[in-house]
Amino acid sequence: MITATAHTLPAALCLAANRNSRPRRPFAKQQPAPWRRRGSGWAAVGARIGDEVEPVPPAQLSKLDSPEALQAEADWLAAMITCWLDEEWAAAELLQVHAKLGSATGHAYRRLRQKEAGMDMGDLVLGLANELMPFDYTPTFTCAFSISNKAVELLMMRQGLDVCCTSESDRTAIQRYETQLAAKDQVK
C-alpha cells in the first residue's frame, strides 16, 4: 500500500493575449488536484491525504508466439492506422502519405516489440512517438503523438481492454476494417 500525498495544480495564468498591453488577471487560489501522484502510479480521484491506495497495474501488450505473429500484428496495425487516417482526412492527395505513415507505424511497432516482448502500453506510446518523430508530417493533420496514441488505443481495443475517451467510430473501427478485408478477399 502507498499513502497518497497532496499535489496542487498551478495557479491560473494571465488571460491577456499580450501581457504588456493589457492588465493581468489576478491569480486564482490553488485548488487541490483531482488526482495525486504517488510512486509509479496515480491515486484514485476520491483519494485523500493519508488514504491507503493500491497502484493500478499498467496495461501490458499480449505475448506473441512467433516472429510471424509479430509481423502479422505489425501489418494489422499499419493497415489500421492507414484506415483511420483515411477516414479522418479523406483528401485524395493524402492517401499515399497515410499509407507511408501507416507503414512507418507498423515498422516502428515491430522494432519496439522485437527489443522488448513484455512492453506496457505507456512505454509503447512513448517509444512509437519517438520512432515516428523523423516522419514529415507537413502534409498531414496529425503528429507523432497522435499516431502513437491511436496505435495503442487500437491495440488495447483489439485485446478487449477498456479504452477511455473513445467515440463510437473508434469502437467500431476494427470491425469496419475487418469488413473491408473480407470484401477484398471475396473479390480475389
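The values are calculated or read from the model by the stated rules, or taken from the named source; none is laboratory data. Every value quoted in this text rests on a predicted model; they were computed, and no experiment measured them. Using ideal geometry, Cβ is built from the backbone for each residue, glycine included, and neighbour counts are taken over all protein chains shown.
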In this structure, does I147 turn out to be in the same structural domain as H98 (by TED's automatic domain parsing) and more than 15 Å from the chain's Cα centre (by Cα)? no
Residues of the range 150-165 classified as surrounded by fewer than 15 Cβ atoms within 10 Å (Cβ to Cβ) and closer than 24 Å to L94 by Cβ, total: 0
Filter result for A108 (over 14 Å from A79 (Cβ atoms) and part of a helix (DSSP H, G or I)): yes
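Say we look at the range 120-160 and pick out the residues that are hydroxyl-bearing (S, T, Y) and under 15 Å from T105 (Cα atoms); which of these is modelled with the lowest pLDDT?
Initially, the range 120-160 is screened for residues hydroxyl-bearing (S, T, Y), giving 137-138, 140, 142, 146, 148.
Cutting the leftovers down to under 15 Å from T105 (Cα atoms) gives us 137, 140, 142, 146, 148.
Working: Y137: 93, T140: 89, T142: 93, S146: 95, S148: 97.
Going through the qualifying residues, I end up with T140.
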Please go through the range 77-99 and pick out each residue that is free of Cβ contacts under 8 Å to residues at least 60 places away in the same chain and either surrounded by 15 or more Cβ atoms within 10 Å (Cβ to Cβ) or not assigned by TED's automatic domain parsing to the domain that holds V152 (or both). A78, T82, L85, D86, E88, W89, L94, V97, H98, A99
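Could you tell me whether the range 100-119 includes any residue that is of a type in the set (G, A, S) and within 20 Å of V163 (Cα to Cα)?
Yes, the conditions are met somewhere in the range 100-119.
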Residues within the range 56-87 that are assigned to a helix (DSSP H, G or I), under 17 Å from the mean Cα position of the chain (by Cα) and either small (G, A, S) or modelled with pLDDT under 90 (or both), tallied: 3
